[in-house]
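The values are calculated or read from the model by the stated rules, or taken from the named source; none is laboratory data. Note that the coordinates shown come from a computational prediction; the quantities given were computed from them, not determined experimentally. A quick note on method: Cβ atoms are made from the backbone with ideal geometry, for glycine too, and the neighbour counts reach across all protein chains shown. Quick note on the areas: whole protein, heavy atoms, side chains included, nothing else; ligands and nucleic acids left out. Shrake-Rupley method; radii C 1.70, N 1.55, O 1.52, S 1.80 Å.
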Amino acid sequence: MTIQEMLSFSSVAESQNGYTSVSIKQNVHVPVMKQAVIDALKVRDGGFYIDGTFGAGGHTRSILELGAVVLALDRDQDAVNRAAEFEKEYPNTFFIQRASFSNMDKIWGKKGAPMKVDGILLDLGFSSNQIENADRGFSFMKDGDLDMRFDISQELNAKSWLNNAVKDEMVRVFQEYGQEKNALLIANEIIRSRKANPISTTFDLVKIIEKYNEFDRKHAATRIFQAIRIHVNDEFTHIRKALVEAKKILKEHGRLAVLTFHSLEDKIVKDFFANEVSFLQLPTQSEVEENSRARSAKLRWMIKTEE
Ligand SMILES: C[S@@+](CC[C@H](N)C(=O)[O-])C[C@H]1O[C@@H](n2cnc3c(N)ncnc32)[C@H](O)[C@@H]1O
């Protein structure tokens, strides 16, 4: 059985069926801690790797360039569409599927791939392509449809949730996923506002938040936008499941590397790694200066020591 047969996942063209892809705005996503990730995964020629968060493919490319095989996943159809050039360039070593990384074990095992994986990468959060595209609703700096879904085939989006959630649920989400101190005031204001007019754009929401929050090192809407994004995409459930599944399909001495961008994400990974042989690395000062996304990044990785 060839690698292609073992990993014969649906191609880019097939995976578009049934989904309307939103327009792709070309924007360069600079991969965070690229060399550190390669070192953490100890990428080797001929090794098998899963990039659970393909995004713009920056990390995937550097793994492929070392002669390894990559199965890339992303929940976002736009990211999968961008992979077409990778499929042409690396027809025998690059494979992509639109899927959540929480299903990586099933996808890896789907075609009976007999071997286990050398390394797995999760680069959490959103890509520059997503934040730059106002229509995706991730950015509080751009006016656009309040969507925030990674997977646009999913029913729940930010707008539908905000216009229907009860107060207690909103307060819990804002506090738990955003550590927002004005959660109750903002939830009350959302309820008042949506009675008059449904909230439909990012700036509708920013205006509400700015009544209670001021710019304080971070934009006033940072915490609420983070909270809604985490909730709408059920991000923490996917991350927790992915860590468990990743460990199952790693070979002995295989490596799992995770890039996190805020303390809540990082705590999930740190807790999971607590009983593993694990390491932590932060970006260098020069990387932080060159790539604003690296500012809050933490790279943790673990080495699987037993089957
Ligand atoms: C920070 S970007 C990855 C960037 C990538 N490493 C690169 O170098 O271009 C994160 C990506 O993960 C995707 N994503 C978020 N949650 C996911 C999940 N549960 N499963 C798969 N992909 C996910 C997002 O759609 C986004 O494209």
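One table, with the values for the structure above:
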quantity	calculated
Value of [θ]222 nm, deg cm²/dmol, for the chain, DSSP H segments ≥ 4, -39500 (n - 2.57) each, nearest 500	-11500 deg cm²/dmol
Space enclosed by the convex hull of the alpha-carbon atoms of segment 97-172, per residue, Å³	146 Å³
Two-decimal Rg/Rh across segment 155-232, once Rg and the Kirkwood Rh are taken from alpha-carbon atoms	0.92
Percentage, to the nearest whole number, of Cα pairs in the chain over 24 Å apart	53 percent
For segment 155-232: accessible area per residue (Å², 1.4 Å)	53 Å²
Relative contact order for segment 155-232, counting Cα pairs under 8 Å that sit 6 or more residues apart, in percent	42 percent
Computed over the chain: relative contact order in percent, which uses C-alpha pairs under 8 Å that are six or more apart	19 percent
Unit charges on C-beta of K, R, D, E only; dipole of the chain, Debye	520 debye
GNM flexibility winner over the chain from ASP145, ASP271, ASP123 (Cα, springs under 10 Å)	ASP271
Options GLN175, PHE54, GLY109, ranked by Cα towards positive dipole end of the chain, top entry (Cβ charges)	GLN175
Net +/- balance of residues flanking ASN182 in space, Cβ distance below 15 Å, scoring K and R +1, D and E -1	+2
Nearest-20 debye value, segment 155-232 charge dipole, Cβ charges on Lys, Arg, Asp, Glu	120 debye
Helical segments meeting 30 Å axial Cα length and Kyte-Doolittle -0.5 threshold in the chain (DSSP H)	none
Dipole-positive endmost among VAL232, ILE191, ALA158 within segment 155-232 (Cβ charges, Cα centre)	ILE191
Listed residue pairs exceeding 18 Å between alpha carbons, taken from LYS34/LYS304; LYS34/LYS241; LYS159/LYS195; LYS106/LYS248; LYS181/LYS218	LYS34/LYS304; LYS34/LYS241
From phi via Karplus (6.51, -1.76, 1.60), per-residue ³J(HN,Hα) for segment 93-108 in Hz, x at Gly/Pro	10, 10, 9, 9, 9, 7, 6, 7, 5, 5, 9, 4, 5, 5, 5, 4
